[in-house]
Amino acid sequence: MKKSKIVLFLIIILYSVGLSGRTHITLPKVQYALALDLYYSGKYYDAIQEFRNLIKEHPEAKNYCGNSYYWIGMSYFKLKKYKTAGINFNKVLKGFPNSKYYVDAYYYLGRTYQLRKYYKTAIKIFTKIYKKYPSHELADNALLWRGVCFYSQHKNKTALKDFYKILRVYPKGNKADAARYMINLIKGGKKQIVIKEKVIKVSDDSKLKAWQELLKTKEAALKEKEKELQAKEKILEEKEKLINQAQNQNSNAGKTQNNANTKANAVQ
């Protein structure tokens, strides 16, 4: 979406809100909703720009600024620019400790280190998340990826402890199947691995690839994805409501202008 269209959209919304006086909404809120819409539409670079504009133009809106840094980090994460993503997650941790995305930012910071193969740093982060926030929805995720880091360092015994712990502590969590897979992968070798009636043939040189493929299919079922979709729905509903308000105001203004023109012509 071009900048001019974005600005026009914001002007229409603020104009309609100002005239009606019935809806209380601030410019940062509108900008934030628009940037989120761009993110969920997969337009990550446009989303990054809008979040940055919000931070620059409204530094007083602390909540929106902290959330914006998180979503900038997520946008870069989606673009696989993990180092830049980590920089923005760090901004949330250092500047906005009360942000609702604080734990999420810390978790994804760990993921950026893990994906860049800085396993020791990633393990420290995942350990802190699991110990400090054991009830958080990302706790079992952190435990799984910590195990994966140990596995990547060829520390299979230590990795197995984490995978077994997931089954004990989070047996119904979204990472339970992945933990079972990793246990079978480490202990099964070249044998066939059965997961929920699916059979995967694994050779020694394709273990990691097979595991990555399974996790890729599991990503769609993550709770974090559900949360994002629900947030998107709310944003789109709010956006549609605001657009309808703007259209109604413009329609009423047009009718008023036409009536005025008709009277003026009659007088002439």
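Tell me, in nm to one decimal, what length is gained between residue 187 and residue 157 on full extension, where the rule is 0.36 nm per residue of separation less the Cα-Cα distance?
So the chain would gain 9.8 nm between residue 187 and residue 157.
Given the Cα-Cα distance of residue 57 and residue 232 and 0.36 nm per residue of separation, how much length would full extension add, in nm?
Gain in length upon complete extension: 60.6 nm.
List, in the order given, every pair from 94/157; 100/124; 56/128; 91/128; 29/124 whose Cα-Cα distance in the structure shown is over 28 Å.
Beyond 28 Å between Cα atoms: 94/157; 56/128; 29/124.
Over what distance in Å are the Cα centres of the stretch 113-163 and the stretch 64-108 separated?
Answer, in whole Å: 19.
Could you please rank 52, 180, placing first whichever residue has the fewest other Cβ atoms within 10 Å of its Cβ?
Taking fewest neighbouring Cβ atoms as first place, the list is 52, 180.
Once you put a point 7 Å from the Cα of residue 133 and another 7 Å from the Cα of residue 115, both along the Cβ direction, what distance in nm separates them?
1.8
Multiply the residue gap between residue 45 and residue 124 by 0.36 nm, knock off their C-alpha separation, and tell me the result in nm, one decimal place.
Fully extending the segment from residue 45 to residue 124 adds 25.4 nm.
Just to verify a number: FRET efficiency for residue 164 and residue 79, C-beta to C-beta distance, R0 = 30 Å, to 0.05?
0.30
Would you mind ranking 154, 58 by Cβ crowding within 10 Å, fewest neighbours first?
154, 58
The numbers here are math on the coordinates, done by the rules we state, and not lab data. The model shown is predicted, which means the values in this text are computed figures rather than measured ones. When we count neighbours, we look across all protein chains shown, and the Cβ atoms used for this are built from the backbone with ideal geometry, even at glycine.
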